[in-house]
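The values are calculated or read from the model by the stated rules, or taken from the named source; none is laboratory data. As the structure is a computational prediction, the values presented were derived from the model and not from experiment. No Cβ is skipped: glycine too gets one built from the backbone with ideal geometry, and neighbour counts run over all protein chains shown.
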Amino acid sequence: MVYPGPDDTPRVAEGAPSAAGGSLRCVTEHLIAPLDPAEAREVAVAHAVMQAATYATYASAGFTGQLFGYLDERIESLLEADRCLVAKSPRGNVIGLASVTDGPEWWERPDDPDFVAPAVSRILQTLFTMPETHGTGLGAALLDAVLPDGEPAYLWVMRENPRAQRFYAKHGFAPDGYTLRTDGWGDMDMIRMVRPRR
């Protein structure tokens, strides 16, 4: 796995055990690198595809098609993120995406009198991988790359997605009791999970 080092140059992940019990420098052939602005539209389309695959079974009718109507807004969000990483297959296809910025974001309704700010300020805006990569470690590699060294952050995850909740719990995130409904955007219930400062 290759991912950005401190200077944003691609770096190879270390520490994967080899068959002989040693250590390999390259754990997969997938490349994780900062978003190339010239490829923002391609990445935005892939992002919509990944979301559609994830939400299809519990979002409101018509939602998956609706996702492709927000490409311009999606591109803007990707370009404005403090840190946006893209995973590609050996043949150059987008297979994963992760981005981080400072929260809260407008859709979290921070002006609502009932809004409760999370204990940390960084928000994991998105972390998705193509369904065929699930279970390969790509999601964990993206998370570790976009939030290195267990960096504190919070995120939103759909209540009806226990697989994602288990994944984030494994990486130190826990529900903080705050919930939100995505009215008009699939009409799904979200829970907020936080990874606190150590």
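Being under 22 Å from ARG83 (Cα atoms) and not in a loop (DSSP other than H, G, I, E, B), is that true of even one residue in segment 171-191? There is no residue in segment 171-191 that is under 22 Å from ARG83 (Cα atoms) and not in a loop (DSSP other than H, G, I, E, B).
Consider segment 63-86 and keep the residues that are outside any helix (DSSP H, G or I) and in contact with a helix residue (DSSP H, G or I) (Cβ under 6 Å, 6 or more places away or on another chain). The one that is farthest from LEU138 (Cα to Cα) is ARG83.
Contact map, segment 65-76: residues that are without any contact (Cβ under 8 Å) to a residue 24 or more places away in the chain paired with residues that are not β-branched (Val, Ile, Thr), Cβ distance under 6 Å, separation 6+ or inter-chain. Pairs shown: LEU67/ALA48; LEU67/GLN51; LEU67/ALA52; PHE68/ALA48.
Just give me the residues in segment 111-136 being crowded, with 16+ Cβ neighbours inside 10 Å, part of a loop (DSSP other than H, G, I, E, B) and not β-branched (Val, Ile, Thr), in sequence order. Within segment 111-136, PRO118, MET130 meet the criteria. Of everything listed in (1) closer than 23 Å to PHE68 by Cβ; (2) more than 14 Å from the chain's Cα centre (by Cα); (3) surrounded by 16 or more Cβ atoms within 10 Å (Cβ to Cβ), the single unmet condition for ASP183 is (3). Kindly indicate whether any position in segment 71-81 is basic (Lys, Arg), surrounded by 15 or more Cβ atoms within 10 Å (Cβ to Cβ) and at pLDDT below 95. Yes, there is a match, as at least one residue in segment 71-81 is basic (Lys, Arg), surrounded by 15 or more Cβ atoms within 10 Å (Cβ to Cβ) and at pLDDT below 95.
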